[in-house]
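Here is the structure we will look at, set down as structure tokens.
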Amino acid sequence: MIHDDAIIIIGAGAAGLMAAATHGWLRTAHAVRSLTARETPERIAELARGLAYWAARYQEVPGPARPSGTLAIAAGIAGFHYQQVTGDSGAGARLGDFKGRVTSLGPVVTYNFNLGKIPVSTQLMWTHDFDVENRLEGDLGILTVSMPLSVGGH
């Protein structure tokens, strides 16, 4: 029997694991984005820190690098919430602080199959924006097809 408090601890541990696993590349991506706007010593240092964090925590995932099991199709819910926490500023902020917010939800379906010996994973996602303030509003549809560049060392 699993108690609710055990599930919360496992969930919190998984969230912390994901935060640690993705923090380096996310920090690096934000540093690169800020450097495209303007190069400063602080932004270059932040890029170096992001890359160092990423390199220090990098680990290979054990096991085969392809899907396994018998589940070929799955469905779920995809979504996100974006909330700008600080207002726009600087020369480009001609409309004031213009804080933005949007929530988006919708279905996602994945289908995995083999193309000969090549494992292929597809995903179709659609989300609809609501609770929108100071952002473009609409629907988003994304089709993703993934497959390895080589199979079995070929």
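Of the numbered conditions (1) modelled with pLDDT under 80; (2) within 30 Å of Ser146 (Cβ to Cβ), Ala93 satisfies every one except a single condition; which is it? It is condition (2) that Ala93 fails.
Any idea how many residues of the stretch 123-154 are loosely packed, with under 10 Cβ neighbours inside 10 Å and within 17 Å of Lys99 (Cα to Cα)? Number of matching residues: 1.
Filtered by the rule that a residue be more than 27 Å from Ala72 (Cβ to Cβ), in a strand (DSSP E or B) and among the aromatic types (Phe, Trp, Tyr), the stretch 95-154 gives a lone residue, Phe130. In the set (1) at pLDDT 75 or above; (2) closer than 28 Å to Glu133 by Cβ; (3) outside the structural domain of Val109 (by TED's automatic domain parsing), the condition left unmet by Glu46 is number (2). Going residue by residue through the stretch 54-73, is there one that turns out to be modelled with pLDDT of 80 or more, surrounded by 10 or more Cβ atoms within 10 Å (Cβ to Cβ) and more than 30 Å from Ser34 (Cα to Cα)? Scanning the stretch 54-73 turns up at least one residue that is modelled with pLDDT of 80 or more, surrounded by 10 or more Cβ atoms within 10 Å (Cβ to Cβ) and more than 30 Å from Ser34 (Cα to Cα). Is one or more of the residues making up the stretch 103-121 of a type in the set (A, V, I, L, M), touching a Phe, Trp or Tyr at 6+ places or on another chain (Cβ under 6 Å) and surrounded by 11 or more Cβ atoms within 10 Å (Cβ to Cβ)? Yes, the stretch 103-121 contains at least one residue that is of a type in the set (A, V, I, L, M), touching a Phe, Trp or Tyr at 6+ places or on another chain (Cβ under 6 Å) and surrounded by 11 or more Cβ atoms within 10 Å (Cβ to Cβ).
The values are calculated or read from the model by the stated rules, or taken from the named source; none is laboratory data. Note that the structure is predicted; figures quoted are calculated from it, not measured. All Cβ positions, even for glycine, are placed from backbone atoms using ideal geometry, and neighbour counts span all protein chains on display.
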